[in-house]
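Novice: First the structure, then my questions, so here it is.
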Amino acid sequence: MVVDTAIQPSQVAKPPRHKVTGDVHLLLRRADRVLFGQRQNTGYEDGAWHLPSGHLEAGESVVEALIREADEEVGVRIMPEDVQFAHIMHNSSSGGRMAFFFLVDEWEQDPVNREPDKCNGLEWFSLNPLPDHLIAYCRTALEHIDAGQQFSVFGW
């Protein structure tokens, strides 16, 4: 009797599925300027300018996350129909995040710094030129957005 010892393709161990962490980034746009906050006391890129942003939580859409983060960080109220998709980036940092970037031109309330323990202040900047000290993946995404490109990868 001959026994087939060859490994069948269905028996080959597959690598574990990648679990993606999602984050959302707000380009709150006033004319040709976008709102940035200066990071402080976070332990990551303190002193750098960054868009209002945050993690996607279980059970919420990326639009719901953006609206929640906008309220939590800068106190603005955004309607879902005013959220415009701008860009998605697959970022290798922290295991391969998916960063969603959205443009918003209409909102209620004036932006205020609602997280002074993490943000040194808010300022409006043009996308061209961008502020000097900006988190690298954010700079890359904004350059793609300025060029009209909706997808990029960073750090792979």
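The values are calculated or read from the model by the stated rules, or taken from the named source; none is laboratory data. Here the structure is a predicted model, which means the values were calculated and not measured. Methodologically, a virtual Cβ is constructed for each residue, glycine included, from the backbone with ideal geometry; neighbour enumeration extends over all protein chains shown.
Novice: Of all the residues that make up region 66-99, how many are of a type in the set (Gly, Ala, Ser) and modelled with pLDDT under 95?
Specialist: Qualifying residue count, region 66-99: 5.
Novice: Every residue in region 99-128 that is acidic (Asp, Glu) and part of a loop (DSSP other than H, G, I, E, B), please.
Specialist: 105, 106, 110, 115, 117
Novice: Every residue in region 58-71 that is charged (D, E, K, R) and more than 18 Å from residue 29 (Cα to Cα), please.
Specialist: 60, 64
Novice: Another question about this same structure. Given the options 134, 142, name the one that is out of contact with any Lys or Arg (no Cβ under 9 Å at 6 or more places or on another chain) and buried (at least 19 other Cβ atoms within 10 Å of the Cβ).
Specialist: One residue alone meets the criteria, 142.
Novice: I'm trying to understand the selection: among the residues of region 26-84, which are in contact with a His (Cβ under 6 Å, 6 or more places away or on another chain), in a loop (DSSP other than H, G, I, E, B) and closer than 18 Å to residue 112 by Cβ?
Specialist: Matches in region 26-84: 51 only.
Novice: Based on this model, can you work out whether residue 117 counts as among the charged types (D, E, K, R) and either farther than 29 Å from residue 148 by Cβ or surrounded by 14 or more Cβ atoms within 10 Å (Cβ to Cβ) (or both)?
Specialist: The answer is yes for residue 117.
Novice: Okay, next question. Among 154, 125, which is the only one that is surrounded by 15 or more Cβ atoms within 10 Å (Cβ to Cβ) and touching a helix residue (DSSP H, G or I) at 6+ places or on another chain (Cβ under 6 Å)?
Specialist: 154
Novice: When you scan region 69-88, do you find a residue that is surrounded by fewer than 16 Cβ atoms within 10 Å (Cβ to Cβ), of a type in the set (A, V, I, L, M, F, W, C) and in contact (Cβ under 8 Å) with a residue 40 or more places away in the chain, even just one?
Specialist: Yes; the residues of region 69-88 include at least one that is surrounded by fewer than 16 Cβ atoms within 10 Å (Cβ to Cβ), of a type in the set (A, V, I, L, M, F, W, C) and in contact (Cβ under 8 Å) with a residue 40 or more places away in the chain.
Novice: Applying the selection to region 36-68, what residues are of a type in the set (A, V, I, L, M) and surrounded by fewer than 15 Cβ atoms within 10 Å (Cβ to Cβ)?
Specialist: Within region 36-68, just 58 meets the criteria.
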